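Visitor: Let me give you the structure first, and then I'll get to my questions.
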Amino acid sequence: MITELTILPGFNKVGIREGFSKITLSAGETVSIVGPTGSGKTAFITDIELLAQGDTATKRKVLVNGLVPDDEVRCNPCRKPIAMITQNTKCFADLSSEEFLRIHARARGIKDNSVVDETIELANKFTGEKIKNDSRVTVLSGGQTRSLLVADAILIGASPVILLDEIENAGIFKQEVLRIIQNTGKIIVFVTHDPVIALLTKKRIIMQNGAVKKVIIRSDLEVTAAYNLLEYDKRVSIIRERLRTGKMITEELVSASLA
Amino acid sequence: MKLLVIAGPPSSGKTSLVKQIVKKMKHDMKIAFFKIDVVKAFEDVELNKEFGILARKFISGDLCPDHASVMVLGDAVEWAETNGAELFIVESAGLCLRCSPYLNQGLGIIVLSSIAGIHAPEKMGCMVTLADIAVVTKIDLVSQAEREVLVQKIKETHPDLILMETNALQGTSLHRLYEIIRKSSDIDAETLVLKGNPPLGTCTICVGKKEIGWKHHFGVIQKLDGQTAEYLYRGE
């Protein structure tokens with residue numbers, strides 16, 4: 001069982017060593033990675049996903065419970081303690097959603113096939129367009145693919161560490177995803193440009209030029225700010241869903257959203 | 001001398017992988033590189049220029065490239081040994097999937113791209129099933145779930161394969177591969193034979209003949225240096 005991940009420093013894009021001595025993420029902790037595009041956010045979580053041992057572009061090392069993980073843990077998916085949702089919104093495997101999930105469940109050592117239906121059911125909570133068991137994964141829309149992969153990470157990946165790369169960009173129901181994965185006792189890392197997600201996490205890692213610039217612990221004031229922002233965000237989502245379904249903005253909606 | 005035979009479909013990342021291996025290991029051992037291709041090959045010049053290692057190529061032209069490889073590999077091993085190579089890397093053309101270029105000694109590596117398609121591992125037959133190691137490349141282009149689905153498919157095709165995933169342009173997560181190469185045994189050139197059969201039933205001259213080196217074969221034969229018949233060879 002993973003209780004702790006430790007990230008040891010690597011080098012930034014011009015070869016200068018990162019300033020921190022180590023970053024520790026503990027079970028139950030939520031973390032966001034923020035910074036401009038190209039600052040190294042995705043590279044940071046990819047290092048975690050690969051359990052890097054100085055053999056990635058950044059030269060970082062990642063320890064599990066304070067120890068170097070063995071090769072089997074790094075390379076065998078059914079022992080891998082990490083699930084990652086990348087920014088990919090495309091699948092190349094010529095399989096139906098059901099077959100795709102069934103093979104993945106096998107890869108993760110899950111014997112019970114009911115997980116396949118459960119995953120598709122959960123995915124359909126994240127997206128407005130329904131995914132069917134026999135939908136080919138190659139023709140799913142961007143939002144459907146992301147929803148399916150998020151649901152897959154939660155139920156089939158079912159790992160103590162979940163890494164999410166910009167889930168807000170997927171056109172899926174972010175609030176729903178957040179609700180399900182918060183308070184699970186897992187280590188959850190969000191790469192994000194979304195202020196709501198950034199403020200809902202306890203720790204913020206700021207990236208710059210390929211390196212960690214600083215680590216900020218959320219203040220009490222920021223907790224209040226997060227909940228205020230969440231209210232705004234909900235109103236924005238209502239308007240977004242209206243527009244997406246071809247509805248008009250009404251008087252009441254304008255006064256409510258500006259209130 | 002240690003031997004690596006690298007196979008895989010065109011554009012799967014074989015040369016990128018070779019470059020990472022050479023970059024990592026050229027300080028520890030003298031490396032020779034040999035590329036077999038059908039029409040054109042640039043890898044020998046590229047590798048020689050970038051890393052200053054011994055490199056040469058063989059263009060099979062009209063001949064099946066795997067048959068060509070069987071013919072010239074004996075000479076090529078001798079060339080590498082004569083030049084004092086401690087690691088000899090052979091990169092095959094890897095085209096028709098009816099046979100595999102791996103030998104009974106050294107390591108056979110299949111390079112597969114993450115975006116090659118889910119049925120690729122099964123379709124590639126002995127190029128996968130006779131390999132010792134599979135390296136899955138371009139992992140930055142697909143989701144983790146899709147990578148794991150492909151890896152599972154490869155495992156089901158060949159359960160004993162050692163699997164690794166990499167972004168070969170960056171050389172991600174290849175430490176284990178370097179370690180396996182370092183620990184691999186030296187070859188004995190006299191007892192080298194193919195692991196699998198040559199293209200079965202398509203070439204009555206080579207069918208069943210696992211011996212490498214042109215002196216064991218008859219019919220349409222080529223040596224590494226020069227050719228036996230003017231009219232048979234229209235490569236580069």
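Visitor: Looking at A:Gly19, is it in the same structural domain as A:Ile180 (by TED's automatic domain parsing), open to solvent by 10 Å² or more (accessible area, probe 1.4 Å) and on the phi > 0 side of the Ramachandran plot?
Guide: no
Visitor: A further question on this structure: Scanning region B:119-160 for residues that are in a loop (DSSP other than H, G, I, E, B) and within 13 Å of chain A (Cβ to nearest Cβ), which turns out nearest to A:Ser96 (Cα to Cα)?
Guide: For region B:119-160, the residue satisfying everything is B:His119.
Visitor: Moving to a separate point now. B:Glu122 is checked against (1) open to solvent by 30 Å² or more (accessible area, probe 1.4 Å); (2) in contact with a Ser or Thr (Cβ under 6 Å, 6 or more places away or on another chain); (3) touching a residue at least 40 places away in the same chain (Cβ under 8 Å) and fails just one. What number does that condition carry?
Guide: Condition (3) is where B:Glu122 drops out.
Visitor: Now for a different question. Does A:Val139 satisfy the criteria of being free of Cβ contacts under 8 Å to residues at least 12 places away in the same chain and more than 10 Å from chain B (Cβ to nearest Cβ)?
Guide: yes
Visitor: Let me ask you something else. Please specify each residue of region A:55-75 satisfying the condition of being open to solvent by less than 20 Å² (accessible area, probe 1.4 Å), more than 8 Å from every other protein chain (Cβ to nearest Cβ) and not hydrophobic (A, V, I, L, M, F, W, C).
Guide: Matches in region A:55-75: A:Thr58, A:Arg60, A:Pro69.
Visitor: In region A:114-121, is there at least one residue being more than 8 Å from chain B (Cβ to nearest Cβ), modelled with pLDDT under 90 and open to solvent by 10 Å² or more (accessible area, probe 1.4 Å)?
Guide: Among the residues of region A:114-121, not one is more than 8 Å from chain B (Cβ to nearest Cβ), modelled with pLDDT under 90 and open to solvent by 10 Å² or more (accessible area, probe 1.4 Å), which makes the answer no.
Visitor: Still on this structure, I have one more. Just to check your reading of the model, which residue among B:Phe58, B:Phe51, B:Phe88 is aromatic (Phe, Trp, Tyr) and within 30 Å of B:Leu150 (Cα to Cα)?
Guide: Of the residues listed, the single one that is aromatic (Phe, Trp, Tyr) and within 30 Å of B:Leu150 (Cα to Cα) is B:Phe88.
Visitor: Same structure again: Can you give me the number of residues within region A:65-109 that are on the phi > 0 side of the Ramachandran plot and outside the structural domain of A:Asn133 (by TED's automatic domain parsing)?
Guide: 2
Visitor: Give the residues of region A:177-197 that are at pLDDT 85 or above, part of a helix (DSSP H, G or I) and open to solvent by 10 Å² or more (accessible area, probe 1.4 Å), sorted by residue number.
Guide: Within region A:177-197, just A:Pro195 meets the criteria.
Visitor: Let me ask you something else. How many of the residues in region B:161-177 are out of contact with any Asp or Glu (no Cβ under 9 Å at 6 or more places or on another chain) and assigned to a helix (DSSP H, G or I)?
Guide: The number of residues fulfilling the criteria is 1.
Visitor: Tally the residues that are in a helix (DSSP H, G or I) and either under 24 Å from A:Thr127 (Cα atoms) or open to solvent by 90 Å² or more (accessible area, probe 1.4 Å) (or both), restricting the search to region A:229-259.
Guide: Final tally of qualifying residues: 21.
Visitor: Among the candidates A:Thr30, A:Thr46, A:Thr86, single out the residue that is farther than 30 Å from A:Ser135 by Cα, of a type outside the set (Lys, Arg) and buried (at least 19 other Cβ atoms within 10 Å of the Cβ).
Guide: Selected residue: A:Thr30, the only one of A:Thr30, A:Thr46, A:Thr86 that is farther than 30 Å from A:Ser135 by Cα, of a type outside the set (Lys, Arg) and buried (at least 19 other Cβ atoms within 10 Å of the Cβ).
Visitor: Please verify whether B:Asp44 is touching a Cys at 6+ places or on another chain (Cβ under 7 Å), within 27 Å of B:Ser114 (Cα to Cα) and part of a helix (DSSP H, G or I), treating the condition exactly as stated.
Guide: So B:Asp44 does not fit the description; no.
Visitor: If I ask for residues that are among the hydrophobic types (A, V, I, L, M, F, W, C) and within 7 Å of chain B (Cβ to nearest Cβ), which ones from region A:86-108 would you list?
Guide: Matches in region A:86-108: A:Cys91, A:Phe92, A:Ala93, A:Leu95, A:Phe100, A:Ile103, A:Ala107.
Visitor: Go through (1) more than 16 Å from B:Leu103 (Cβ to Cβ); (2) aliphatic (A, V, I, L, M); (3) surrounded by 13 or more Cβ atoms within 10 Å (Cβ to Cβ); (4) at pLDDT below 90 one by one and return the number of the condition B:Ile212 breaks.
Guide: Tallying (1) more than 16 Å from B:Leu103 (Cβ to Cβ); (2) aliphatic (A, V, I, L, M); (3) surrounded by 13 or more Cβ atoms within 10 Å (Cβ to Cβ); (4) at pLDDT below 90, B:Ile212 fails exactly one: (1).
Visitor: In addition: So, in region B:161-177, of the ones that are within 19 Å of A:Val68 (Cα to Cα) and open to solvent by 10 Å² or more (accessible area, probe 1.4 Å), which residue ends up farthest from the other protein chains (Cβ to nearest Cβ)?
Guide: For region B:161-177, the residue satisfying everything is B:Glu165.
Visitor: Which of the residues belonging to region A:123-137 are modelled with pLDDT of 90 or more and either of a type in the set (Val, Ile, Thr) or open to solvent by less than 90 Å² (accessible area, probe 1.4 Å) (or both)?
Guide: Across region A:123-137, the qualifying residues are A:Ala123, A:Asn124, A:Ile131, A:Asn133, A:Ser135, A:Val137.
The values are calculated or read from the model by the stated rules, or taken from the named source; none is laboratory data. The structure presented is a predicted model; accordingly, all values stated were derived computationally and were not measured. Here the Cβ is made from the backbone with ideal geometry for all residues, glycine too, and neighbour counts use every protein chain on show. Surface areas here come from the heavy atoms of the whole protein model, side chains and all, with no ligands, DNA or RNA. Shrake-Rupley method; radii C 1.70, N 1.55, O 1.52, S 1.80 Å.
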